[in-house]
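Data first, discussion second: the structure below is written as C-alpha cells.
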Amino acid sequence: VYTDKELSSLFGPSEEGIFQKLFPDSWKEALQYYLKEYDLLHQQYAKPFPGIVKALTLLQERQMRLALVSGKGPGSMEISLKHSGLKPFFKVIVTGSEQGASKPKHIKQVLDLWNFSPTEVAYVGDIAYDVQAANEVGVLPISALWAETAQAQKVLAMNPAFAFKTVEALNEWLLKIVK
C-alpha cells in the first residue's frame, strides 16, 4: 500500500520503468497484472470528456495533423485508446520512456518526423510538466484544466500560453483560430 505522495514520487518513467524499480525480479509479471486490471477498470472510466471528440473532429476536418505524446507506457496507452475510441484521430502516438520523463524529446521527434518548426505546433497537456516540455521545445503550451484532478495552480504557475477550464472554452477558441 502506497500513499498518494509515495505514488506521485514514482512518476516520470512509464509504467514499465516504475515496475522495474518496484519489483526488479518480477516486474514483467507485475506489469501484466496491472495492465489486465487497468483494462478491466478502463471499460467504465475511459469515456472522453464531453466535447473532446468534437474538438478532435474539428481539427481533423481542418487538416490539422494530430499526434499524441504521453508519459504512459505502450500497454496502458493502447488500452486507453481502445476504450476511449480516440485512436483514429492520431497519426502518430509516442509513449513514455522506462528511463524517465521524456516529453521534450518525444515532441521533438514528432516535429522532426513531420518537418515542422516549433512555431507551427501546439502541445495540449494537463500537468505542469507538459507546459515545461512545450516551452523547452518551443511549441505553444496549452493547458487543459477541466479534470477534477487538475492541479490548476501548479499548471498556471508555469505560464501556459492558453489555459482552458472547460472543453467548451477550448472548442470556442478552436473555432476562432482554426481556419
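Mind putting together the pair-distance distribution for the chain? All Cα pairs, 10 Å bins, whole percent per bin, short to long.
Per 10 Å bin, starting at 0, the Cα pair percentages come out as 9, 33, 40, 16, 2, 0.
Using a cut-off of 14 Å between beta-carbons, work out the net charge of the residues near residue 140 (Lys and Arg +1, Asp and Glu -1, residue 140 not included).
-3
Among 69, 34, 57, which residue has its Cα furthest toward the positive end of the charge dipole of the chain, with +1 on Lys/Arg Cβ and -1 on Asp/Glu Cβ?
57
Using the Kirkwood formula over every pair of different C-alpha atoms, what hydrodynamic radius in Å results for region 136-179?
Answer for region 136-179: a Kirkwood hydrodynamic radius of 11.3 Å.
Which of 41, 145, 56 ends up with the largest GNM mean-square fluctuation for the chain, with Cα atoms connected below 10 Å?
Most flexible of the set in this elastic network: 41.
Long-range amide H contacts for residue 140: which residues qualify at under 5 Å (H placed 1.01 Å from N, peptide plane, sequence gap of 5 or more or a different chain)?
121, 122, 123
Could you derive backbone 3J(HN,Hα) for region 15-27 from the dihedral phi with the Karplus parameters 6.51, -1.76 and 1.60 (θ = phi - 60°), listing whole Hz in sequence and x where the residue is Gly or Pro?
With the stated coefficients, region 15-27 comes to 4, 4, x, 5, 5, 5, 6, 6, 10, x, 8, 9, 5 Hz.
Quick check on region 1-99: what are the equivalent-ellipsoid semi-axes from the Cα gyration tensor, as sqrt(5λ), descending, whole Å?
After scaling each eigenvalue by five and taking roots: 29, 15, 12 Å.
Under 8 Å for C-alpha pairs, at least 6 residues apart: give me the relative contact order for the chain, rounded to a whole percent.
Relative contact order, the chain: 19 percent.
Over all alpha-carbon pairs in region 88-179, figure out the percentage whose distance exceeds 19 Å.
Everything past 19 Å amounts to 45 percent.
To the nearest 20 debye, what charge dipole does region 1-109 have about its Cα centre, counting +1 at the Cβ of each Lys and Arg and -1 at the Cβ of each Asp and Glu?
Here region 1-109 has a charge dipole of around 680 debye.
Report, to the nearest 10°, how far helix 74-84 tilts away from the longest principal axis of the Cα atoms in the chain, using its own Cα long axis and a range of 0 to 90°.
That helix lies at roughly 60 degrees to the long axis.
Using DSSP to call loops (not H, G, I, E or B), can you name the trypsin sites (Lys or Arg not before Pro) in region 57-158 whose Cβ has at most 12 other Cβ atoms within 10 angstrom?
62
Counting chymotrypsin sites (Phe, Trp or Tyr not before Pro) as exposed when in a DSSP loop with at most 16 other beta carbons within 10 Å, what is the longest stretch of the chain free of them?
So the longest stretch without any such site is 12-89.
Given only helices, namely DSSP H runs of n ≥ 4 each adding -39500 (n - 2.57), what is the per-residue ellipticity at 222 nm of the chain, to the nearest 500 deg cm²/dmol?
-15000 deg cm²/dmol
Taken together, the values in this text are just the output of simple stated rules run on the coordinates, not laboratory data. Keep in mind that this is a model prediction, so the values were computed, not measured. We place every Cβ from the backbone using ideal geometry, glycine too, and count neighbours over all the protein chains shown.
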